[in-house]
Amino acid sequence: MLVVHANWFEGSLHLWGESLSSAREELRVGSPAHPFAATAKDLRSALEPIIGSLNGAKEDHLDLLLPHAPAPTGHGATRSNTLPSSRLAGLLGSVSHDEELRTLEPTRVPTIRIAASSTIRLLLEMRNIEGTPNDLFVCAHSMHWWIALTKFAIDSVIDQRVIPTVLQRRDGTYVGQWRPWLNDNDADIQLADLLASMPASARAIDGTDGQAWPIVDSFLSTIVDGIVRSVLVEENFEESIEDFDPGVDSHAAWLSGLLGAKDSIKIGRRSTFDVLRDTRGWLGVLDEARVTTGMRLRFEVSEPDLDGADDGIDSTWHVSFGLVDPEAPDTVIDAQSLFNRPSGKRAGANSARNEELSEMLLKELARASRIWPELDDALESESPSGMDLDTRQVYQFMRDLRPVLLEAGFFVEVPEWWGESASRINANLLIDSPEEPPMAGDAGGGSNGSLGLGLQSLVGYRWQVALGTQTVSVEMLEKLAQKGAPLVRIGGQWVDLRPEDIDSALKFLKSHPGGTMTLVEALRMANGIDGPPEALPVSGVQATGWVRQLLSGNDVSESFQMTSAPESFRGILRPYQLSGLSWLVFLDRLGLGACLADDMGLGKTIQLIALLQHERSKIGAAQIGPSLLVTPMSVMGNWKRELTRFAPELKVHIQHGLDRPAGERFSQIAMDSDVVLTTYAIVVRDKETMQAVPWRRVVLDEAQYIKNPPTKQTAAIRSINTQSRIALTGTPVENRLAELWSILEFCCPGYLGTNQDFRRRFAAPIERNRDQKTAERLRSLVRPFILRRLKTDLTVISDLPPLVESRQHIVLTDEQMRLYEEVVADMLQKVDQTDGIRRRGLVLSALVKLKQICNHPAHYLGEGIATRPAGSNGKKKSVAAAAVEVAEDIEGESSGEHPLVLSPDSLIPGRSGKTQRLMEMLEELLAAGDCALIFTQYRQMGHLLVGMIRQILDVEPLFLHGGTPQAKRDTLVERFQKGDGTTPIFVLSLKAGGVGLNLTAANHVFHFDRWWNPAVENQATDRAFRIGQTRTVNVHKYICTGTLEERIDQMIEQKTELATNIIGAGDAWLTELSTGQLRDMLSLRKTGLEGGE
Amino acid sequence: MTQWQEQNKPRQPENPRRVIGGFKFKRKNGIEDLPWTADPLFRATLTSATSDAVEEGHSYALTGQTVTLLAAPGKIISSVQGRSSRPYQLEIAFATWTPEEWDQIIAALCTEAVFAAKFLVGELPPAVGPLIASLGIRTPLVPMKPGSKSNSDPILKCSCGATQPCKHVVAMMHILAERLEDEPLLLFQLRGMPVARVLERIHEKRTLSTRGENQAHPVPPSASDQTLTTPIENLLHDFWRPGRRLHDLEARAIATHTPHALLRRLGASPLGGRFPLVGLFATIYDTARTRGIALRDSESTIKPNGD
């Protein structure tokens, strides 16, 4: 595995790489050569299978300035150590070295130099494989930036923001060049974004000044010139100047450097210089608006004053001129009043200003007349204040000239209906549906629990054509077509009447008489997807009956009959949870799938539990089939607890473990249960068993698990036979298109089309072209089926307390369980044979071990946690060999060298239920843009977490522990509080970070392991929950099910007498327990959730 | 003085006559934090004026008693309305640079593109002052010795006849300071050459240098904004990742495309050739756009591995 980097140097792209395997084997001091850089040969063999042949690429090298850690002291080392890049560090799981001590050192890396002409293809190929992992290489973080820069260059060509320019080279020769035009405001803002975000690594070329612009300038002009020139050469544009003599015609001279494969301008020096000067003058015109300071010309189009019936075709419009200060465009000095102002004595002080303004107006008019030559007529008058235009002219002005004038820095005000889709001809879909949806199998209407036909329900429909807001008939359209006017007034409203629109509207109405179709067809058509109004904008859909309710989607409160909380529900549903329940009930009844995507912490679980109870209260449990609840292993414990707590009457079967029932026996058990709880893994493994049951419903929790479309898992889940489907997820699905498709393909099969079709129609335009219209269409298409409420929504925020505490009950993995039982057994055996201090010591050390096991096996085993090998003695040392024993690492009790590298195995979150769940939750909250504090008692666990977060989530977490010096603490806190999204996760040790700090940027607090004293935990929570906090703070306490963590949590919760004695006492009280009590306290209790994975 | 005498003294109103449309000193921070272009002269004026002049001048500035203020090359002509019926006439004469000194300065300003680029957007980089001083030119860019002596810079004159600086000059200096903040290049004009001419001469000079690198297109504004890029040595903690603003860029909507917008803004070519340039460019733009769209929408030709 390589990490591939890119740099742009002297007109070509250099690719270089870091080799994961050499970094693992040989993290040692080096020469100026990069110690674990990939060879050019390795690079080639990693890249070519994935992105195609690199013909024409040359082997080269590049001198970079890269961050180094100081050389280890005491080994006589003279050179510091090259640090891995952020991507490699993630793969290695290395822990960040103290930033203060890092230095930049010249480092030579072997590269593959890509010819300028192949650069676009290469970077586009990198763009295409973004998000599709491969086994040979990963791109460094900077690659995404290069891809963004490439996109920007291509977009300039597409948007025709490209200029031909002339450059004079150092040797006095002249060349022509196509380059992007970046001086306009919009482009300049984007350029500023690109310059400001350019990674340091992309600029750190030794011997340069590290500035972004020279590299960006060179890259952009090379790419743009490459695109334009290649197409001009292919299409033989050079032929067009064959008959002109560059020596005589300066245009031909200039073009000689722009049209052909060669860029040199071939004529005498004197005249070449003229070309340079004249071109500069010409291009300078583009920059005028920015360079001239002062007032800008403003045009205002006013409608003619007409009576109601007038169609306005032959009316006269007025365009008036004025001046505005671009900084305060609301204040307009209109030309009329400017020229009418008294001048001379009476005007006094203002006359000079007045004359100045008049002059400015004239200058601006002259500037605008280059774009709009008709303005010259107005300029012939002595005091030009405006112009009269007929309807045709004003149409042309608004449609063609306005955008150009706006770009050139002028202000153009047009009537507000202009450009609105409502002022164009548009098509409108009418869906007729009864109040109650048709039901499957019977005509009774759902009283016996049968469901609607869902997407396959037939609905009546017809199309209407509207002008503005008025529906128009075929006859009317034909009459309008005869008039042939581009702007017409209908019913007092102006309409932009393009002849091509009328044509397509007429054709459309004739070929779409209406009829019936399925709901899925209707919804897709209403959003302009299938069977389309050819070239006619679809303004939307109107519906009656149940379809209308469906379309009002998330507007739950208005159109829905609210469902009350089921009586059997043991708890209170907040108002937004009730409306979520009502929404689920509604869709469920129609036989439609639903995706409940509420923000983390809003209680998706209990809304679903309430749904299960609701249907049973309506119909009676006996008639309702079982629901299959598929969850990741990490949340099973939680589901079980929540079901027991809120709905104890529901019969829950947990399908899990090696001895789980199969075949007929399982079907029997399932049919006797209300809920069957299982994991994604089991569903795949027991596909046939699952398929045999006629499920009432399949529910996916953490539905983002099925985000990769072509997996066995997804196929298995979709193949299960069920009446309805619900997906639960906390990630913002609407913005993650691959996930959106997969989840909706589960909930509403076929609704978004095939994956390929979806990529072509939606994902590509939205992701690549940032196509807002397509994004909006997609949103409206999926709106009926996705309910996502945020903690910040007004309706939710008023329901939420400022602090929400929840417990995450987590199941141990098999490995953890085995270790846990070993430690308990070993201790119980030994305590019987000892007493006094030795016994106490035994108990205490067992306690620590058990807590470590609950955290992560690697924490307990101390495996693979290595200090950086000192390399100066020349002895190679692999990381694994350098593993150091990690004994007790509770903060304050250990100090010592910073470990730099963790072994890959220690970073597998799946080995621990807690880390698995933490990664899932962090991913979700990062997607929502939230920030989190993670508290642990153990520094070593902190290191492990930091490594995992970096590797799994690809963000750089901050880490504060007992060994962090004060100055560093302050910078860490400052960086976190800045809240710019670059450092959203902060890992802290409970002792070092639990007091004193102000970390209100966080709205999630995780207590990864528990401290017996709630006061200490609360104090830590208060880092985020304090004055200055404006959001709800979610506190997540992690507890391993069946372990001592759970036992102690229960005691504290129930405020038992024992608990009052132990709170604040640390672990010492445990040592006084009898062996029997210890067994009771510590041994693992079975939960039915263990084993089998 | 008897009562009679007092009554017959030419009547002076207690407050100055009100001016309609005069220049009011409207600066948000008042006289605090003036920029380096304006502060030295303003401070020096206040220091050498009497406290009465300072106080009254300040309130004149606030009520807008300055009727006119004209910046001519080398001097300011202004009128300030006081208690008398007519405004007082002020003339503020600045030391100017000789033509030879100007040649030197223009040549020095051309050595770095950033100066020309900044001037074009009306900004005056602080480095210009020291640059001019380093040429050995006696008169500094920023005047700071106001007074009535012949070697003052500037020399203050007011028709009120009071000791300089009088309250009218103080009032006017407020307005001038405000102007210098907004248009720092005005300093060149005060030293004897209209701003437009300075820009023209720099432009000429840069164009005429036939040696070295040169280009026909202007540099975009962000290119000369040094604050955009953090020096790499300050990014050791975050060396490899793109900065936050990449997200901003990606979240920004792309403006709707207007065909040939640039070409229409450019208008006819001034190159004086006979070849129909603009028509050809229109075709080129359309051809290139098609190619660009094809590139943007191109799919991978190589099948990714994995299942």
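Rounded to the nearest 5, what is the percent of antiparallel bridges among the DSSP beta bridges in the stretch A:292-413? Roughly 85 percent of the DSSP beta bridges within the stretch A:292-413 come out antiparallel. Helix B:99-110: angle to the longest alpha-carbon principal axis of chain B, degrees 0 to 90, nearest 10? Between helix and principal axis, roughly 40 degrees. The stretch A:572-638 and the stretch A:240-258 have their alpha-carbon centroids 74 Å apart. For chain A, the longest principal axis of the alpha carbon atoms and the long axis of helix A:663-672 meet at an angle near 80°. Fraction of C-alpha pairs exceeding 20 angstrom in the stretch A:152-266: 50 percent, rounded to a whole number. Rounded to the nearest 10 degrees, the inclination of helix A:40-51 to the longest alpha-carbon principal axis of chain A is 80 degrees. A simple spin-label model places the labels of A:VAL995 and A:GLN623 6.4 nm from each other, with each point 7 Å out along Cα-to-Cβ. Highest GNM mean-square fluctuation among B:LEU34, B:LEU263, B:LEU180, for chain B modelled with Cα contacts below 10 Å: B:LEU263.
The modelled label-to-label distance between A:ARG353 and B:THR258, using points 7 Å beyond Cα along the C-beta direction, is 3.1 nm. Cα to Cα, under 22 Å, and not fewer than 8 places away if on the same chain: which lysines meet these conditions relative to B:LYS149? B:LYS149 reaches B:LYS75, B:LYS157, B:LYS167.
With the largest listed first and rounded to whole Å, the semi-axes of the equivalent ellipsoid of the protein assembly as shown from the Cα gyration tensor are 64, 44, 36. Spherically averaged projected area of the convex hull of Cα atoms, chain B: 28.4 nm².
Extents of the stretch A:292-413, largest first, come to 49, 31, 28 Å (Cα atoms, principal axes, whole angstrom). What FRET efficiency comes out for the pair A:ALA681/A:VAL474, r = Cβ-Cβ distance, R0 = 51 Å, nearest 0.05? The computed FRET efficiency comes out at 0.25. Among the trypsin sites (Lys or Arg not before Pro) within the stretch A:925-1027, which fall in a DSSP loop and have no more than 13 other Cβ atoms within 10 Å of their own Cβ? Sites meeting the loop and neighbour criteria: A:ARG1026. Given axes a ≥ b ≥ c from the Cα gyration tensor, I'd like to know whether the stretch A:600-701 is rounded (a/c under 1.5), prolate (a/b larger than b/c) or oblate. It comes out oblate by the Cα gyration axes. Compute for the stretch A:2-207: radius of gyration divided by Kirkwood radius, i.e. Rg/Rh, restricted to C-alpha atoms, rounded to two decimals. Value, to two decimals: 1.01.
Counting only Cα atoms, the stretch A:188-322 measures 71, 50, 33 Å along its principal axes, largest extent leading.
So what is the 222 nm mean residue ellipticity for chain B from helices alone, if each DSSP H run of at least 4 adds -39500 (n - 2.57) and you divide by all residues, rounding to the nearest 500 deg cm²/dmol?
Taken over chain B, the calculation gives -12000 deg cm²/dmol.
With the helix formula -39500 (n - 2.57) applied to DSSP H stretches of n ≥ 4, chain A reaches a computed 222 nm mean residue ellipticity of -11500 deg cm²/dmol.
In a shell of Cβ-Cβ distance under 12 Å around A:LYS58, excluding A:LYS58 itself, what net charge do Lys and Arg (+1) and Asp and Glu (-1) give?
Charge balance near A:LYS58 sits at 0.
For the stretch A:598-722, the dipole from Cβ point charges (+1 on Lys and Arg, -1 on Asp and Glu) about the Cα centre works out to 120 debye, to the nearest 20. Listed cross-link partners A:LYS363/B:LYS24; A:LYS849/A:LYS991; A:LYS58/A:LYS712; A:LYS851/A:LYS978; A:LYS773/A:LYS978 are compared with a 31 Å cut-off, the Cα-Cα value being larger for A:LYS58/A:LYS712; A:LYS851/A:LYS978; A:LYS773/A:LYS978.
Packing-wise, with mean Cβ within 10 Å as the measure, how do A:361-370, A:424-433 rank, highest first?
Ranked by mean Cβ neighbours within 10 Å, highest first: A:424-433, A:361-370.
Subtracting the Cα-Cα distance of A:ARG170 and A:ASP832 from their residue separation scaled by 0.36 nm leaves 229.4 nm.
Annotation: the antiparallel percentage among DSSP beta bridges lying fully within chain A is about 55.
The Rg/Rh ratio for the stretch B:12-157, using Cα coordinates for both the radius of gyration and the Kirkwood hydrodynamic radius, is 1.02. For the pair B:THR111 and A:SER369, a Förster radius of 41 Å applied to the C-beta separation gives a FRET efficiency near 0.60, rounded to the nearest 0.05.
Averaged over the residues of A:246-259, the number of partner chain Cβ atoms lying within 10 Å of the residue Cβ comes to 4. Looking at the stretch B:84-168, the trypsin sites (Lys or Arg not before Pro) that sit in a DSSP loop and have at most 13 other Cβ atoms within 10 Å of their own Cβ are B:ARG138, B:LYS149. Here each label is just a point 7 Å from Cα along the line to Cβ, and for A:ASP672 and A:GLU242 those points are 9.2 nm apart.
Shown here for the stretch A:154-220: trypsin sites (Lys or Arg not before Pro) in loop regions (DSSP other than H, G, I, E, B) with at most 14 other Cβ atoms within 10 Å, namely A:ARG169, A:ARG170. As a length-normalised measure over Cα pairs under 8 Å and 6 or more apart, the relative contact order of chain B settles at 20 percent.
List the equivalent ellipsoid semi-axes of the stretch A:556-799 in whole Å, largest first, each obtained as the square root of 5λ for an eigenvalue λ of the Cα gyration tensor. Square roots of five times the eigenvalues give 29, 24, 15 Å. Each Lys and Arg adds +1 at its Cβ and each Asp and Glu adds -1 at its Cβ; summed about the Cα centre, the stretch A:292-413 shows a dipole of about 720 debye.
Each reported figure results from applying straightforward, stated rules to the coordinates on display, with no laboratory input. All values derive from a computational prediction rather than experimental measurement. Counting neighbours? That spans all protein chains shown, and the Cβs are built from the backbone with ideal geometry, glycine included.
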